[in-house]
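I have placed the structure first, in the form of structure tokens, so that the comments after it can refer back to it.
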Amino acid sequence: MKYNTAEELLAEARDLTDARLAARARLLLQSPGGRDGEALAYALETAGKRVRPALVLASYRAAGGRAPGIAAIAAAVEIVHTYSLVHDDLPCMDDDAQRRGRPTTHVVYDVATATRAGFVMVPVAVEELADGAALLGLDPARLGRMAGILLEASGIRGMVGGQWLDLEAEGRSLDLTELVGIHRRKTGALIEAACALGALAAGGDEAMVATLTAYGREIGVAFQIADDLLDATATSEELGKTAGRDATLEKATYVSVLGQEGARQEALRHAQAAGSALREGGVTNGTLLTLAGYIVQRRS
Ligand code: GRG
């Protein structure tokens with residue numbers, strides 16, 4: 001499949017992933033059912049850009065994979081991401097009322113329900129990953145390694161740890177090294193994992209997995225820098241969430257540390273480093289380069 005634009009790949013990733021998420025939502029409406037099931041379905045079916053699924057898909061194909069079962073691996077990563085958004089918006093964290101153009105899960109339901117729904121999504125993501133491995137005929141050892149990567153990226157050495165440091169740093173100024181350290185974990189770890197999982201699902205060798213992981217590590221940082229720039233420059237309507245939150249919460253960001261132009265240059269530098277990682281690994285893949293460009297230029 002050849003894509004002329006990142007939007008075409010994102011649209012395909014959205015179609016494939018959303019079908020899996022809708023099927024999961026139907027199951028969750030049955031069990032646990034009730035308000036918890038409804039909150040889970042609400043969060044899973046709210047439309048996002050599906051950047052992480054697109055990265056799973058593009059990495060899978062770059063490593064030679066062609067089977068449709070990859071949609072479940074992409075959905076597993078998106079479910080972890082969705083849980084993180086539900087919890088990130090809670091009053092005890094970033095306390096936000098709008099996400100993806102809709103009221104946040106705890107606003108529609110309540111804080112306790114949204115908290116439970118977030119926690120439930122983690123094992124649901126692992127179930128989805130296991131379903132994907134079965135669909136792709138991956139052996140148990142490979143599934144185990146993939147689950148390890150997903151959960152490590154989600155946990156204290158990854159996303160949770162990064163969020164922890166980020167919350168702890170509110171109201172304090174940070175230097176660039178500290179900022180990169182937080183965001184490699186908070187945002188970058190899951191993006192890096194998405195790329196590694198795509199390569200592993202395709203049966204890629206260690207060199208391919210290392211190359212796509214290195215690519216993901218760089219675009220993970222670029223993604224967060226673009227997020228900071230958008231928070232400072234875009235409107236709430238464009239973002240589907242409250243703009244200007246970083247300033248309100250007195251967060252140190254790439255924009256506060258480097259200024260808007262400096263942040264733009266830093267994002268480009270990381271996107272270029274992602275391209276270099278591909279070249280050094282001998283991976284000539286236009287789609288991954290297109291995605292790196294999209295990640296730094298996106299408007300939402
Ligand atoms: C227990 C301390 C603790 C943490 C729980 C909440 C949490 C785990 C982690 C927060 C991770 C987080 C929300 C990182 C921000 C990543 C980010 C830039 C999200 C925006 O992603 P997009 O733009 O959103 O891809 P859409 O809506 O398009 O999917």
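If one computes the Cα centroid of the range 154-195 and of the range 1-63, what distance in Å separates the two points? Using only Cα atoms to place each centre, the spacing works out to 24 Å. Which value, in Å² rounded to 10, gives the accessible area of I156 with a 1.4 Å probe and all protein chains present? It works out to around 100 Å². Placing one identical point scatterer on every Cα of the range 1-102 and ignoring solvent, what is log10 I(q)/I(0) from the Debye formula at q = 0.11 Å⁻¹? Per q value, in the given order, log10 I(q)/I(0) is -0.37. Put one equal scatterer on each alpha carbon of the range 248-300, apply the Debye formula with no solvent term, and list log10 I(q)/I(0) at q = 0.26 1/Å to two decimals. Here log10 of I(q) over I(0) equals -0.98. Taking 0.36 nm per residue of sequence separation and removing the Cα-Cα distance, the W164/T5 pair yields an extension gain of 53.7 nm. For E38, the solvent-accessible surface with a 1.4 Å probe is about 90 Å², rounded to the nearest 10. If you take the alpha carbon atoms of the range 11-70 and fit the smallest convex hull around them, that volume is 73 Å³ per residue.
Entry note, the chain: the mean residue ellipticity at 222 nm calculated from DSSP H runs of n ≥ 4, each adding -39500 (n - 2.57), is -24000 deg cm²/dmol after division by the residues and rounding to the nearest 500. Using all pairs of distinct alpha-carbon atoms, the Kirkwood hydrodynamic radius of the range 135-282 works out to 16.3 angstrom. Considering the chain, its Cα convex hull presents a mean projected area of 13.8 nm².
Counting only other residues whose beta carbon sits under 14 Å from that of G148, what net charge do I get with K and R as +1, D and E as -1? Its environment carries a net charge of +1. Taking the centroid of alpha carbons for each part, the range 83-144 and the range 284-300 are 25 Å apart. Counting only protein chain heavy atoms and rolling a 1.4 Å probe, the accessible areas of T235, T46 rank, largest first, as T235, T46. Expressed as a whole percent, the accessible area of the range 6-295 that falls on carbon and sulfur atoms is 55 (1.4 Å probe).
Within the assembled protein chains, the solvent-accessible surface assigned to C92 is about 100 Å², based on a 1.4 Å probe.
Residues in the chain average 41 Å² of solvent-accessible surface per residue, probe 1.4 Å, ligands and nucleic acids excluded. The V108 and Q272 beta-carbon pair, evaluated with R₀ = 30 Å, returns a calculated FRET efficiency of approximately 0.15.
The values are calculated or read from the model by the stated rules, or taken from the named source; none is laboratory data. Predicted, not measured: the structure shown is a model, and the values here were computed from it. Every residue, glycine among them, receives a Cβ derived from its backbone with ideal geometry; neighbour counts consider all protein chains shown. Side chains included, ligands, DNA and RNA excluded: accessible areas come from the protein's heavy atoms. Shrake-Rupley method; radii C 1.70, N 1.55, O 1.52, S 1.80 Å.
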